1. Specify which residue in the list A:THR274, A:VAL241, A:TYR293 is farthest towards the positive end of the charge dipole of segment A:216-306, using unit charges on the beta carbon of Lys, Arg (+1) and Asp, Glu (-1), about the Cα centre.
2. Find how many whole Å separate the alpha carbon centroid of segment A:138-200 from the alpha carbon centroid of segment B:108-143.
3. What does the extension gain come out to for A:GLU13 and A:ALA208, with contour length at 0.36 nm per residue minus their alpha carbon separation?
4. Using a Gaussian network for chain A with springs between C-alpha atoms less than 10 Å apart, which of these wobbles most: A:SER206, A:SER340, A:SER69?
5. Taking H as built 1.01 Å from N, whose amide H comes closer than 5 Å to the amide H of B:VAL176, not counting residues under 5 places away?
6. Say the dipole of chain A comes from +1 at the beta carbon of Lys and Arg and -1 at that of Asp and Glu; which of A:SER120, A:LEU32, A:VAL100 then lies farthest toward its positive end?
7. Could you work out, for chain A, what percent of all Cα-Cα pairs fall into each 20 Å distance bin, beginning at 0 Å and stopping at the bin that holds the largest distance?
8. Would you mind working out the magnitude of the charge dipole of chain B relative to its Cα centre, with +1 at each Lys and Arg C-beta and -1 at each Asp and Glu C-beta, to the nearest 20 Debye?
Amino acid sequence: MKSDVDRMLPSLEPVMLLDPDGRPTAAGKASLPAGEELLRGLAGMVAARRFNEQAYVLVRQGRLAVYPSSHGQEACQVAAAQVLADDDWLFPTYRDTAAVVARGVDPVEALGLLKGDWHSGYDPYERRVAPLTTPLATQLPHAVGVAHAARLRGESTVVMAICGDGATSEGDFHEALNFAAVFRAPVVFFIQNNQYAISVPLARQSIAPSLAHKGVGYGIPGEQVDGNDLAALLTVLSGAVERARAGQGPQLVEARTYRIQAHTNADDATRYRTDDEVTEWVAKDPLVRLETYLRAEGILDDARAAAFAEAAEEIARRTRDGLNRDVEPNPDDLFRFVYSRPTSQLVDQLAVVHDEMSRDALSREEDRR
Amino acid sequence: MTSTAVEHETLSTAQAINRALRDAMAEDPTVLVLGEDVGPLGGVFRVTDGLTAEFGEDRCFDTPLAEAGIAGFATGLAMNGMRPVIEMQFDAFAYPAFEQVVSHIAKMRNRTRGRVELPLVIRIPYAGGIGGVEHHCDSSESYFAHTPGLHVVAPSNPSDAYSLLREAIASPDPVVFLEPKKLYWAKGEVALGRGREPGIGKAVVRRPGTDATLIAYGPAVPVALEAAEEAARGGRSLQVVDLRSIVPFDDGVVCAAVESTGRAVVIAEAVGFASVAAEIAARVSERCFHSLSAPVRRVTGFDIPYPPPKLEHFQLPSVDRILDAVDDLQWEDA
């Protein structure tokens, strides 16, 4: 019989159900998600890939200030959203816009932060998606609090809290795991280990046997999964979500994946990693792997594949159109949302801005004459 | 003003805060009290005494010992329908929570264009004068006051402690509630219930006076009142303004007071450089320049780390130091 500690330890190798060539592994032969689930996942990944590519282009066109791409991590992005129910919550990082879109948030609103109009572009309550968080791991204790509040009210909400490998070095990561464990909060901590925190490789973040092993220190079961295998991700994450929903507390899931692009468009990845390494990971592409399997099994045909591509193109078109529209930001907004009611000082300061604007307008008017 | 009769009780500041928490919890089931040792122990200052027994472990509970975790966890609770009141056990022990407070609690409303409100209160036993060893006596208000999005409140007496905390808990904005430790045991008449004039954002004149204005908040207010009493015996009439609320700041009451006397001394325990006292002095100088008969003086803590217990009396603004500053207000020119 397994001890409690053994039950919390992850498997020695990441769970893989489809190998990089799209063939079911031994575990995959035993059990795979239903074909419809996999098709839904593929559709999501095709859309996410297209979205990543579109956003990358929009940066070069000056329409986005910056874009941290999840190219190569689409299986993680899609699975994180796909395993959730409508009443669940998703807590994303800045690299998880594709997951946010997969959750149903409007793609243009999802890119609000990166466009630079405002710090967050969507209503977090509408699809139950927290704002993209830029500081590392700070969203994780928020996720625990949201989960605990739901639990106090007797709701069945589960919270999916995403972070990266670098974030596991932050204090908030540890505090969040510990709080979740102590309060038995229904949270799935989902680490996308894409091997690099900007330039710093995983070996400089941690020498733990795996990041999933960090769970046991808090009394949380950990699991590691191939982050480019959508079938494995759906299985592991939905298992964690359902256990959390059933009152069995939090779980830690580490997905082994790879950031194919640089950290952002402003980064130069050739300074810290080799082309060979990138090529090796490109060969493990999550889309190709799943598509190969689905075609081999006759689950996916050309018509369906074309429909997925068309839907992805539609998202790209909406994203492009939305971001190509110039919306004049209103400086009043800078003062409107600081407090529920602006202080008298803020009212005075806004008047200063208005005064400057009207004088600018006046001098432009005079220049024209 | 409410039409219902206001009940009064004589309470210490700690008891008044406890009563405010109890009354708020009884009125609103979403009010939660959490932090280190706030459960069965009732807090190291007994401010949360009896709350777990009365409301159960779901409403008042101990957390793991991690201030960032507490602040971040409370952020999530507040995002999801609760009104958490968290305790940072001592001023200097709140620093691990600084990132959560500054980057998230203060900014969430603005970040989300008002869609996500964080009605949470951060209670901090603060400031010195209790013989506390290192890290137990910091005056950290400037850090919070410098952060847009937070309200920062510091009561100077039991009645304000009660009413300001009730208001803070009911507020849709996050409030840093600074509890002067030195005043925990000071007793006073407390008007219970809600519905009085708002106190957050409103300064009050605690003592009328015509010769000079002493501006203080939190633990410095009783010292200012004592100084005014002493000055009165020497024939000088000092007005005392109690800010109550550092943010929002009440320019109206403060400036009217200073304009009425033409002289001002700002008193605060915190280190003076780049402090709330410095800000007040600057605001008063800017706004009341033509009414001033002398430069605005500041009596603050020195620019040193908070001293050990046997030396702390050198750091705290004293009646003598206040009166010396008042004596310096160019009376010979009058």
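1. Of A:THR274, A:VAL241, A:TYR293, it is A:VAL241.
2. Computed from Cα coordinates, the inter-centre distance equals 24 Å.
3. Full-extension gain reported as 68.8 nm.
4. In this elastic network of chain A, the residue with the biggest mean-square fluctuation among A:SER206, A:SER340, A:SER69 is A:SER340.
5. Correct list: B:ILE122, B:HIS151, B:VAL152, B:VAL153.
6. A:LEU32
7. 28, 55, 15, 2, 0
8. Using only the charged Cβ atoms, the result is roughly 640 debye.
No value in this document is a laboratory result; all are computed from the given coordinates. Not measured: the values here are computed from a predicted model. All Cβ positions, glycine included, derive from the backbone under ideal geometry; neighbour counts span all protein chains shown.
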